[in-house]
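Undergrad: Following this message is one structure expressed as structure tokens.
Derivation of every value follows stated rules applied to the coordinates shown; laboratory data play no part. Owing to the predicted nature of the structure, the values given are computational and were not obtained by experimental measurement. All Cβ positions, glycine included, derive from the backbone under ideal geometry; neighbour counts span all protein chains shown.
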Ligand code: DGY
């Protein structure tokens, strides 16, 4: 009998066909995201779960006594309770590599948009308020030849550094838990202690995974170290930043601007103060969301899941669960 699998969001047809060959599948077809309770109700006799961003908690696992594998359609897995999964012997997988360039493109998009005030100027044109001779107050900041500090020099950090260094002639520094001599040599980037990097960079991109050590890595003291002209970009996870401190830094012009793809609470609530600020570009967590990359991620996740359920070592097991 084919193992039963539940999938929390729609899939490309070829991926669904591949899964159907090996599993009995059910896919959430609501026009909004499935809630934790709805998911729990559907997991009672399911052996495999394929999900992007749904919380996999001890509580959820209690409603899924037959669950053997969780396949995340994402590189991040901070929404998985790894100790609860480990205790139950549940295999957890994710989708690294395939999204590196796409997420790096988005980091550059946010840098350029915040620097050149794309959202504000788009709004100016749309609202019919474009007058000849744009006032200096709407001029932007150069990205080329500026100094970029990257916090978190993993694969995506490297892809951002490559674009910045060779595409925009930027001077690139990085901070990481461990130094990366090979990357320094290959890309001509330099390591800096965090406080130095914060104080000297024109652009700061946060690209570190969310772990207990990186929660609120950037808060008030860190914003206060930055230049008042600094532009801060977060494409990692919302909880790596103290969002209240960021709002304060933007409001008080402690820093010049920000570009965000991630938030402490997602989706953001309509009364989040970030929504009322002009000097921040806001995206709805779409780092990997291109057709090609999301399709590739779905196929990698499907293969991971089938391998796990058929007793083969999946290609991308979550490192902490190996
Ligand atoms: C991931 O896959 O974890 C990224 O956040 C996608 O945007």
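Undergrad: For the chain, what is the convex hull volume of its Cα atoms per residue in Å³?
TA: With only Cα atoms used, the chain gives 152 Å³ per residue.
Undergrad: Say each of residue 253 and residue 271 gets a label point 7 Å from the Cα, pointing the same way as Cα to Cβ; how far apart are those two points in nm?
TA: 2.9 nm
Undergrad: Run the quick spin-label model on residue 194 and residue 295: label points 7 Å from Cα toward the beta carbon, then report their separation in nm to one decimal.
TA: The answer from the label model is 4.1 nm.
Undergrad: Under a GNM of the chain (C-alpha, springs under 10 Å), which listed residue has the highest mean-square fluctuation: 105, 142, 171?
TA: Evaluated over the chain, the most mobile residue of the options is 142.
Undergrad: Hey, another quick one. In nm, what is the difference between 0.36 nm times the number of residues separating residue 44 and residue 137 and their Cα-Cα distance?
TA: Working: separation 93, 0.36 × 93 = 33.48 nm, distance 5.83 nm.
Additional length available on full extension: 27.7 nm.
Undergrad: While we're on this one: Can you figure out the FRET efficiency of residue 315 with residue 169, using R₀ = 35 Å and their beta-carbon distance, to the nearest 0.05? Walk me through the numbers before you get to the answer.
TA: Values: r = 37 Å, r/R0 = 1.05.
The pair residue 315/residue 169 has a calculated efficiency of 0.40.
Undergrad: Only Cα pairs within less than 10 Å get springs; with that Gaussian network setup on the chain, which residue of 93, 35, 102 has the largest fluctuation?
TA: Of the options given, 35 has the highest mean-square fluctuation.
Undergrad: Hey, any idea what Rg/Rh is for the stretch 1-147, computing Rh the Kirkwood way over Cα pairs?
TA: Reported Rg/Rh (Cα atoms, Kirkwood Rh): 1.18.
Undergrad: Would you mind getting me the FRET efficiency between residue 1 and residue 27? Use the beta-carbon distance for r and R0 = 25 Å, nearest 0.05.
TA: 0.80
Undergrad: Considering only 133, 157, 149, give the residue with the highest GNM mean-square fluctuation for the chain, with springs between Cα atoms whenever their separation is below 10 Å.
TA: In the Gaussian network model the winner is 133.
Undergrad: Restricting to Cα pairs below 8 Å that are 6+ residues apart, what does the relative contact order work out to for the chain? Please round to a whole percent.
TA: Details: 592 pairs, mean separation 59.6, N = 322.
Value for the chain: 19 percent.
Undergrad: If you take the C-alpha gyration tensor of the stretch 160-302, multiply each eigenvalue by 5 and take the square root, what semi-axes do you get, largest first, in whole Å?
TA: Value: 24, 23, 14 Å, ordered largest first.
Undergrad: In the chain, what % of DSSP beta bridges are antiparallel (nearest 5)?
TA: If I count the DSSP bridges inside the chain, around 5 percent turn out antiparallel.
Undergrad: Tell me what the chain gives for mean residue ellipticity at 222 nm when only DSSP H runs of n ≥ 4 count, each as -39,500 (n - 2.57), the sum divided by the residue total, rounded to 500 deg cm²/dmol.
TA: -9500 deg cm²/dmol
Undergrad: Another question, then. How much of the DSSP beta bridge set in the stretch 167-262 is antiparallel, as a percent to the nearest 5? Write out the running numbers ahead of the final one.
TA: Values: 0 of 11 bridges.
Roughly 0 percent of the DSSP beta bridges within the stretch 167-262 come out antiparallel.
Undergrad: Give the residues of the stretch 1-32 whose amide nitrogen is closer than 16 Å to a point set 7 Å from the Cα of residue 155 in the direction of its Cβ.
TA: Under cut-off, by backbone N: nothing.
Undergrad: Additional query: So if I take the centroid of the Cα atoms in the stretch 20-74 and the same for the stretch 171-205, what is the distance between those two points in Å?
TA: Centre-to-centre distance over Cα atoms comes out at 39 Å.
Undergrad: In terms of the ratio Rg/(2.2 N^0.38 Å) built on C-alpha atoms, what value belongs to the stretch 95-160? Intermediate values should be presented prior to the final figure.
TA: Numbers: Rg = 15.8 Å, N = 66, 2.2 N^0.38 = 10.8 Å.
Against the compact-globule rule of thumb, the ratio is 1.46.
Undergrad: A further question follows. What distance in nm lies between label points placed 7 Å from Cα along the C-beta direction at residue 37 and residue 83?
TA: 2.8 nm
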